[in-house]
Amino acid sequence: MRDPQRIAARMDHITASGIRKVFDLGAHLKDPIDLSIGMPHFDVPQPIKDEAIAAIQRGQNRYTPTQGIDPLRQAVSQACRREFGWTDERSIMITSGVAGALTLAIFATVDPGDEVIVTDPHFVMYSYITRMAGGVPVAVDTYDDFRPDVQRIADAVTDKTRLIVINSPCNPTGCVYSEAELRGIAEIAERHGLLVLSDEIYDLFCYDEPYPSMASICENTVLMRGFSKSFGMPGWRMGWCAGPEAIIDRMKTLQQWTFVCAPSMAQAAGVIAMTTDMSETIAAYKVKRDMVADALCDRLGWVKQGGAFYAFVPAPGGDATEFVKRAIANNVLIIPGSVFSAKDTHFRISFACDDAKLQQGLEIMVKLADEF
Ligand code: PLP
């Protein structure tokens, strides 16, 4: 007898997000200090909201072209020309978040058995999508400074390697890769004929130096950027990617038969987002990053990082799950490193919350650390 509720074997490769599990552990808390959330604490800027509402009222509620509406693709193209000096016409497409871009890129390029190089730790979606596509994630250790070791990446390349996925500024570590590191990775990709996926969803959240992008260094890069973090709109499901025409073309075909298009009213509002100045918000996030550094560098041995809105901190006592349990028992939600890594020696704080809550959470963690 066939089981009508049988689940496909590919689903064995993925489990529910470990971050959800922390939510569940903290579900009974009345007013937790939530430093677990991977999204900005600010709301969408008003002009962007207004344009989304106006687009709905104007009737922009139908399917859009698969690759996205022209005004938004043009706005992205201009931004790329300004930032990277691109004079050639790289293909650009609008996706349902960077998650959508990652799904399309990996499914369009990875054959069963192909290897995909990621860092350890990494944003888990990379390895989950790779496995669903039949590929094999190969994690390159970046502990303890979380910088990409170019030699280790070179050593991880085999005949089966297809992609190198990089994420700078990085979730969960906050590390911003230097131009020299990106050049080293680009050189490996070029030497072995590999494609680079550059997930730059945190590009605006870069606090100390100008942000170097792989897109200006390595031609065979699919650049992915998003609106979720930059403009506080993760629920709108908006992202974009740009890269070699042969790859983006196939990603478009796949989008046609899966997501169809990114949400129409969000695309209309995305045109306004592309010229919205977020510098004040980013300055406020730099202050938060510095608050974390003041509290945790000396006391918990965190090495200050330059980007994203996360700190990946050594767990007092060395066992992150144990420390996270104690933090949750003290009303603070944080994420154990094992959610992102083969190791469970660090925990992730998101500092995307208001300053008062952040300060409270940091004080509790420092106090707890003394007990380990
Ligand atoms: N890439 C990274 C590194 C992320 O941290 C996230 C969200 O947490 C995503 C991609 C997915 O973002 P989006 O909302 O654009 O799909």
Taking the chain and counting helices only, DSSP H stretches of n ≥ 4 at -39,500 (n - 2.57) each over all residues, the nearest-500 ellipticity at 222 nm comes to -12500 deg cm²/dmol
Could you line up Val76, Val138, Val287 from fewest to most neighbouring Cβ atoms inside 10 Å?
Val287, Val138, Val76
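Only bridges with both residues in the chain count here: give the DSSP antiparallel percent, nearest 5. Walk me through the numbers on the way to the answer.
Values: 17 of 37 bridges.
Of all bridge pairs located within the chain, approximately 45 percent are antiparallel.
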Taking the Cα centre of each part, how many Å lie between the range 26-81 and the range 96-132?
23
Hey, rough spin-label estimate for Ile53 and Ala284, points 7 angstrom out along Cα→Cβ, what's it come to in nanometres?
2.0
Phi-based couplings in Hz for the range 53-66 (Karplus 6.51, -1.76, 1.60; Gly and Pro marked x):
5, 4, 5, 4, 5, 6, x, 7, 10, 9, 4, 9, x, 3
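Of Lys286/Lys357; Lys304/Lys343; Lys160/Lys304; Lys49/Lys286; Lys21/Lys160; Lys30/Lys304, which sit over 27 Å apart, Cα to Cα? Walk me through the numbers before you get to the answer.
Details: Lys286/Lys357 16 Å; Lys304/Lys343 20 Å; Lys160/Lys304 36 Å; Lys49/Lys286 25 Å; Lys21/Lys160 34 Å; Lys30/Lys304 31 Å.
Correct reply: Lys160/Lys304; Lys21/Lys160; Lys30/Lys304.
Which net charge results for the neighbourhood of Ala133, defined as the other residues with beta-carbon distances under 12 angstrom from its beta-carbon, given Lys and Arg at +1 and Asp and Glu at -1?
Values: positive: Arg10, Arg131, Arg162; negative: Asp111, Asp114, Glu115.
Net charge around Ala133: 0.
Once R0 is set to 41 Å, what does the formula 1/(1 + (r/R0)^6) return for the Cβ-Cβ distance between Thr275 and Lys304, expressed as a FRET efficiency to the nearest 0.05?
E(calc), rounded to 0.05, equals 0.85.
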Can you give the local net charge around Ser341? Use residues other than it whose beta-carbon is closer than 13 angstrom to its beta-carbon, Lys and Arg +1, Asp and Glu -1.
-2
Can you compute the equivalent ellipsoid semi-axes for the chain, i.e. the square root of 5 times each eigenvalue of the Cα gyration tensor, sorted largest first and rounded to whole Å?
31, 25, 22
Which order do Cys170, Cys80 fall in if you start with the one that has the fewest other Cβ atoms within 10 Å?
Cys80, Cys170
Treating the range 214-294 as a set of equal point scatterers at the Cα positions, no solvent, please give the Debye-formula log₁₀ I(q)/I(0) at q = 0.12 Å⁻¹.
-0.51
Counting Lys and Arg as +1 and Asp and Glu as -1, each charge on the Cβ, what is the dipole of the range 217-299 about the Cα centre in debye, to the nearest 20?
260
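Bear in mind these aren't lab numbers, they're just calculated from the coordinates by the rules spelled out. Note that this is a predicted model, so its numbers are computed, not measured. Please note: Cβ atoms are built from the backbone with ideal geometry, for glycine as well, and neighbour counts cover all protein chains shown.
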